[in-house]
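The values are calculated or read from the model by the stated rules, or taken from the named source; none is laboratory data. Given the structure is predicted, the values throughout are model-derived calculations rather than measurements. Positions of Cβ are generated from backbone atoms using ideal geometry, with glycine treated the same way; all protein chains shown enter the neighbour counts. The accessibility values were calculated without ligands, DNA or RNA, using every heavy atom of the protein model including side chains. Shrake-Rupley method; radii C 1.70, N 1.55, O 1.52, S 1.80 Å.
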Amino acid sequence: MAVVDHFQRPLRSLRVSVTDRCNLRCDYCMPEDEYLWLPREDILTFEETSALVDVFLDLGVDQVRITGGEPLLRRNVERLVRQLAGKPRIRDLALTTNAVLLARQAGALKEAGLHRLAVSLDTLRPDRFTRLTRADALGDVLAGIDAAGEAGFSPLKIDTVVLRGINDDEIGDLLAYARARRAEIRFIEYMDVGGATRWTPEAVFSRREILDAVARQHGPAAPVSELSSAPADRYRLADGTVFGVISSTTEPFCDACDRSRLTADGVWLLCLYATDGMDLRNLLRRGASAEELRTLVSRRWRARTDRGALERLGSDRRSAFIPLASLKRDAHLEMHTRGG
Ligand code: SAM
Ligand code: SF4
Ligand code: SF4
């Protein structure tokens with residue numbers, strides 16, 4: 001029986017970041033030249049991560065997503081995948097990656113027992129990719145996506161953040177690219193999360209505009225009716241192609257939010273917009289028992305009132321959520337530390 005929070009939302013999904021490092025510098029996530037990194041000695045070992053995941057499984061979590069930073073930068077990440085895949089209470093074990101290193105790791109991840117993969121891809125144009133990420137790596141990403149298909153990750157998910165004036169003219173092409181690989185693409189609205197220091201309301205390309213852009217190239221899409229706490233609303237084109245829209249900024253889904261996040265150094269965050277979290281690493285390293293951790297975590301979840309994106313809707317003259325000066329003091333406020 002899942003523990004529920006103040007608004008009756010169950011504790012069901014956990015995002016586990018395994019590193020705060022990344023090999024890209026996406027403009028909507030890591031636009032700065034310098035970053036404060038988590039101290040190496042604070043990063044959880046796989047054994048520690050696994051022990052903390054067990055605490056959450058005891059409390060009803062059944063979906064785990066490995067993320068980062070870039071999770072494929074964490075050495076031997078497939079060992080953690082194998083460890084987690086051995087836990088039958090995890091019904092859905094997924095990993096989110098920018099795919100730069102995926103071509104050489106897809107087979108090992110599949111073999112280790114990973115259920116699902118999501119790849120982030122915002123453009124199909126090499127020059128634009130380089131401008132958006134500060135790395136000339138589109139060829140590696142596309143090779144990674146092909147390798148994931150060959151390794152048997154099907155259907156693959158592709159996540160695209162849409163930025164006005166940057167890649168909104170590629171919505172139709174990205175959808176066609178995903179369809180040709182039988183991948184399901186999800187278009188994500190640009191969020192003003194910590195780290196997105198260049199965010200402006202004008203740069204948000206809304207769900208309505210995304211659907212219009214799809215319709216112009218592929219015809220109208222009908223909503224797929226389904227009962228789910230997943231953030232993506234799914235749509236179907238006349239030819240059967242299904243895609244998703246995650247309207248986190250204009251129509252947030254906080255009321256159904258069952259997810260929380262564990263940073264690579266073991267800080268547990270109740271919301272993407274939370275400004276602090278619970279330091280489970282410290283508790284674990286000081287010898288707290290599983291029973292003690294379960295009690296603290298369930299007590300904290302029961303008191304949860306976070307609805308970050310919904311509350312942001314009400315703020316006038318909206319700009320970046322966390323000032324740069326605060327990000328420079330606390331790496332935990334960064335999107336690349338909390339894992340998206
Ligand atoms: N590095 C991996 C990747 O990019 O897939 C995993 C971590 S990344 C933080 C997870 C997801 O967060 C990515 O799909 C990324 O596009 C998304 N993301 C980062 N900053 C965002 C923002 N400001 N608005 C919306 N999505 C964002
Ligand atoms: Fe881009 Fe993901 Fe790295 Fe952020 S963590 S800069 S979204 S690849
Ligand atoms: Fe959940 Fe917070 Fe995101 Fe709302 S803003 S969906 S409460 S993580």
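In the condition set (1) away from ligand 3 (no atom under 16 Å from the Cβ); (2) aliphatic (A, V, I, L, M); (3) in contact (Cβ under 8 Å) with a residue 24 or more places away in the chain, Leu296 is compliant with all but (3). Within segment 171-186, residues that are closer than 18 Å to Ile246 by Cα have Cβ atoms under 7 Å from residues that are in a helix (DSSP H, G or I) and among the β-branched types (Val, Ile, Thr) in these pairs: Ile171/Ile210; Ile171/Val214; Gly172/Val214; Leu175/Val214, counting only partners at least 6 apart in sequence or on another chain.
Looking at segment 222-301, the strands (runs of 3 or more DSSP E) lying wholly inside it that each contain 3 or more residues that are in contact with a strand residue (DSSP E or B) (Cβ under 8 Å, 6 or more places away or on another chain) and surrounded by fewer than 19 Cβ atoms within 10 Å (Cβ to Cβ) sit at 233-237.
Pairing residues of segment 313-340 that are within 20 Å of Trp268 (Cβ to Cβ) and more than 16 Å from ligand 2 (Cβ to nearest atom) with residues that are open to solvent by 40 Å² or more (accessible area, probe 1.4 Å) and polar (S, T, N, Q), at Cβ distances under 7 Å and at least 6 apart in sequence or on separate chains, gives no pairs at all. Considering segment 117-138, the residues that are basic (Lys, Arg) and part of a helix (DSSP H, G or I) include one that is nearest to Arg25 (Cα to Cα), namely Arg131.
Inspection of segment 176-187 finds a residue satisfying the criterion of being modelled with pLDDT of 95 or more, assigned to a strand (DSSP E or B), under 30 Å from Arg21 (Cβ atoms) and open to solvent by 20 Å² or more (accessible area, probe 1.4 Å). A count restricted to segment 228-257 and to residues that are away from ligand 1 (no atom under 16 Å from the Cβ) and in contact with a Gly (Cβ under 9 Å, 6 or more places away or on another chain) stands at 5. The single condition from (1) closer than 25 Å to Ala256 by Cα; (2) in a helix (DSSP H, G or I) that Ala51 fails is (1). Listed by first and then second residue, the pairs with beta-carbon distance under 6 Å, at least 6 apart or on different chains, first residue in segment 131-144 and modelled with pLDDT of 95 or more, second surrounded by fewer than 20 Cβ atoms within 10 Å (Cβ to Cβ) and among the β-branched types (Val, Ile, Thr), are Asp136/Thr130.
So Trp37 clears everything in (1) among the hydrophobic types (A, V, I, L, M, F, W, C); (2) within 16 Å of ligand 2 (Cβ to nearest atom); (3) farther than 24 Å from Trp301 by Cα; (4) touching a Ser or Thr at 6+ places or on another chain (Cβ under 8 Å) except one condition, right? Which one? All conditions pass for Trp37, except number (4). In segment 1-21, of all residues being open to solvent by 30 Å² or more (accessible area, probe 1.4 Å) and within 16 Å of ligand 2 (Cβ to nearest atom), the one that is farthest from Pro71 (Cα to Cα) corresponds to Arg15.
The residue that is farthest from ligand 1 (Cβ to nearest atom), counting only those in segment 139-173 that are buried (at least 22 other Cβ atoms within 10 Å of the Cβ) and in a helix (DSSP H, G or I), is Ile171.
For segment 302-314, residues that are more than 22 Å from the chain's Cα centre (by Cα) and outside any helix (DSSP H, G or I) total 2.
Are any residues in segment 4-34 small (Gly, Ala, Ser) and either assigned to a loop (DSSP other than H, G, I, E, B) or in contact with a Ser or Thr (Cβ under 7 Å, 6 or more places away or on another chain) (or both), and if so, which ones?
Matches in segment 4-34: Ser17 only.
Starting from residues that are more than 20 Å from Gln63 (Cα to Cα) and of a type outside the set (A, V, I, L, M), keep the ones in segment 86-120 and report whichever is nearest to ligand 2 (Cβ to nearest atom).
Asn98
The residues in segment 28-60 that are out of contact with any helix residue (DSSP H, G or I) (no Cβ under 8 Å at 6 or more places or on another chain) and closer than 19 Å to Ser13 by Cα can be counted, and the count is 2.
Would you mind stating whether Asp212 is open to solvent by 10 Å² or more (accessible area, probe 1.4 Å), away from ligand 2 (no atom under 16 Å from the Cβ) and touching a strand residue (DSSP E or B) at 6+ places or on another chain (Cβ under 8 Å)? Steps first, answer last, please.
Working: open to solvent by 10 Å² or more (accessible area, probe 1.4 Å): yes; away from ligand 2 (no atom under 16 Å from the Cβ): yes; touching a strand residue (DSSP E or B) at 6+ places or on another chain (Cβ under 8 Å): no.
No: the conditions fail for Asp212.
Applying a threshold of 9 Å to beta carbon distances and a minimum spacing of six or more residues, or different chains, the list of pairs starting in segment 194-208 at a residue that is on the phi > 0 side of the Ramachandran plot and ending at one that is aromatic (Phe, Trp, Tyr) reads Gly195/Tyr28. Can you find a residue in segment 315-336 that is at pLDDT 95 or above, open to solvent by 40 Å² or more (accessible area, probe 1.4 Å), in a helix (DSSP H, G or I) and not acidic (Asp, Glu)? Yes, some residue in segment 315-336 is at pLDDT 95 or above, open to solvent by 40 Å² or more (accessible area, probe 1.4 Å), in a helix (DSSP H, G or I) and not acidic (Asp, Glu).
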